[in-house]
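Asks: Encoded as structure tokens, here's the structure I'll be asking about.
The values are calculated or read from the model by the stated rules, or taken from the named source; none is laboratory data. All of these numbers come straight from a predicted model, not from anything done at the bench. Here the Cβ positions follow ideal geometry from the backbone for every residue, glycine too, while neighbour counts run over all protein chains shown.
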Amino acid sequence: MLWWKPDTTRGFVWLDKRPKILHTDMSMPYQISHGWARFKYVHSASAVRIARIVYESFKLGLPKVRWFVMGDDDTVFFTENLVTVLGKYDHNQMYYIGASSESVEQNVMHSYNMAFGGGGFAISYALAAQLAKIMDGCLNRYFFFYGSDQRVWACVHEIGVPLTREGGFHQLDIRGNPYGFLAAHPLEPLVSLHHLDQLHPLFPNQTRIHSMKKLMSAYNIDPARIVQQSFFYDHKRRWSISISWGYTIQIYTTLLIAADLQMPLQTFKTWRSWKDGPFTFNTRPMSSDPCQQPALFFLDNVTDVGSGSVTTYKRYEGKEAKCKREDINLVKVQKINVSALKLDPEYWKNVPRRQCCKLMDGGNIKDGSMHIRIRKCRLQETITI
């Protein structure tokens, strides 16, 4: 399993019938849904079954449960970060936590106020207790809805509980390459990714599974820091350097303002219509001029060094057209080493601030390598051209 830890993670895969394959100790435990076939529906019977899992999970009566977290069969959870996010809230209060879609068309069609199920959502124990009392009647009232998440949302709103938004839940209702989005992740802990089987692999020249294994290799070293973006300037060379920790580095041979660097490159389309937008966040176009495009570096390996880590990123040379007036210094850079202290999960309980960077060794390029250190920003420090 990529993210499930048998001795740590508690939960179930909910199935409509008993599987024929052999279940092992390393497999996710499962439960069989019951009683869902009697409900009315228009679009999909499975949507009724999945929506009712909230009720069935509560009725299991497991001890010391604080939260019920739902996801799809193609959802990848980053569980340590999920725990960190939920730890900010009191499970004895009624909370419905998640995020909407990235594509405006999906939110217009379904709802801006709904937690999309592929990105996952969390329901506090207190809210689950109230949902369990009305769920069956509620499912019959909303038989005409399309998805399971829409049904849960409608039932939650009957109780009067709004969506608490957490931006680390990612439905990923996008098509094509998610690179631009993950290279400029919002300043929030990464909680989930969805639709990875419908998108380009996260790393070039690798399968989707191998890509996720590589991302997880960094995540397991420093969960709170995964894909957190830091950027800075090499004023001497007039470079803008952006780091998405554990994933990628971009080097631009021009000075871009911070507001542009934190804005995702649009390497993707909308989910339903395959158009250039609109999205629920701003994007910037990838220039057709190779000389205006950043040099890309992807994670090669990660080393745990006790209270910190060293990640190494290798230059990616794709089949795209090359700039005919390449920066001589940039051509020399084939590998970048990034050192950083591990990010304390408590960091997310305060108002977050993007961390700063420093070029080590005077910025010298030695044997094709550069060294960058990520650190806390000083009180008066700014990221200014």
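Asks: Run residue 197 past the list (1) surrounded by 22 or more Cβ atoms within 10 Å (Cβ to Cβ); (2) touching an Asp or Glu at 6+ places or on another chain (Cβ under 7 Å) and report the number of the one that doesn't hold.
Replies: Condition (1) is where residue 197 drops out.
Asks: Also: So, in the range 358-374, of the ones that are surrounded by fewer than 14 Cβ atoms within 10 Å (Cβ to Cβ) and touching a residue at least 12 places away in the same chain (Cβ under 8 Å), which residue ends up nearest to residue 185 (Cα to Cα)?
Replies: 358
Asks: Taking the stated definitions as given, is residue 37 assigned by TED's automatic domain parsing to the domain that holds residue 126 and touching a Ser or Thr at 6+ places or on another chain (Cβ under 8 Å)?
Replies: For residue 37, the condition - assigned by TED's automatic domain parsing to the domain that holds residue 126 and touching a Ser or Thr at 6+ places or on another chain (Cβ under 8 Å) - is not met.
Asks: Let me ask you something else. Among 221, 226, 209, which is β-branched (Val, Ile, Thr), farther than 22 Å from residue 99 by Cα and surrounded by 16 or more Cβ atoms within 10 Å (Cβ to Cβ)?
Replies: 221
Asks: Output the number of residues of the range 68-83 satisfying the condition of being among the polar types (S, T, N, Q) and buried (at least 21 other Cβ atoms within 10 Å of the Cβ). Show your work before the answer.
Replies: In the first step, residues of the range 68-83 are kept if they are among the polar types (S, T, N, Q); the result is 75, 79, 81.
Subset that is buried (at least 21 other Cβ atoms within 10 Å of the Cβ): 75, 81.
Number satisfying all stated conditions: 2.
Asks: Now for a separate question. Looking at this structure, is residue 364 among the polar types (S, T, N, Q) and farther than 25 Å from residue 256 by Cα?
Replies: Numbers: among the polar types (S, T, N, Q): yes; farther than 25 Å from residue 256 by Cα: no.
For residue 364, the condition - among the polar types (S, T, N, Q) and farther than 25 Å from residue 256 by Cα - is not met.
Asks: Of the residues 78, 58, which single one is of a type in the set (Phe, Trp, Tyr), within 18 Å of the chain's Cα centre (by Cα) and modelled with pLDDT of 90 or more? Explain how you work it out, then say what you get.
Replies: Working: 58 fails: within 18 Å of the chain's Cα centre (by Cα).
Just a single option satisfies the conditions, and that option is 78.
Asks: Which of (1) closer than 18 Å to residue 354 by Cα; (2) of a type outside the set (Lys, Arg); (3) without any contact (Cβ under 8 Å) to a residue 24 or more places away in the chain is the odd one out, the single condition residue 207 does not satisfy?
Replies: Here residue 207 clears every test but (1).
Asks: Can you name the condition, by its number, that residue 118 falls short on among (1) surrounded by 20 or more Cβ atoms within 10 Å (Cβ to Cβ); (2) not in a loop (DSSP other than H, G, I, E, B)?
Replies: Only one criterion is unmet by residue 118, namely (2).
Asks: Do the conditions hold for residue 47, that is, is it in contact with a Gly (Cβ under 9 Å, 6 or more places away or on another chain) and either aliphatic (A, V, I, L, M) or in contact (Cβ under 8 Å) with a residue 12 or more places away in the chain (or both)?
Replies: yes
Asks: Which residue out of 314, 358, 275, 349 is under 28 Å from the mean Cα position of the chain (by Cα) and closer than 24 Å to residue 210 by Cα?
Replies: 314
Asks: Can you name every residue in the range 235-252 that is outside any strand (DSSP E or B) and surrounded by 20 or more Cβ atoms within 10 Å (Cβ to Cβ)? Show your work before the answer.
Replies: Filtering the range 235-252 for residues outside any strand (DSSP E or B) gives 235-238, 245-247.
Of everything in the range 235-252, those that are outside any strand (DSSP E or B) and surrounded by 20 or more Cβ atoms within 10 Å (Cβ to Cβ) turn out to be 245, 246, 247.
Asks: May I pose another question? Filtering the range 83-101 down to residues that are of a type outside the set (S, T, N, Q) and assigned to a loop (DSSP other than H, G, I, E, B), which residue is nearest to the chain's Cα centre (by Cα)? Let's see the steps before the verdict.
Replies: In the first step, residues of the range 83-101 are kept if they are of a type outside the set (S, T, N, Q); the result is 83, 85-91, 94-99.
Narrowing further to those that are assigned to a loop (DSSP other than H, G, I, E, B): 87-91, 94-95, 99.
On the way: 87: 18, 88: 18, 89: 20, 90: 23, 91: 23, 94: 25, 95: 21, 99: 11 Å.
Here the residue is 99.
Asks: Evaluate the range 320-331: report whether one residue or more is closer than 24 Å to residue 215 by Cα and in contact (Cβ under 8 Å) with a residue 40 or more places away in the chain.
Replies: no
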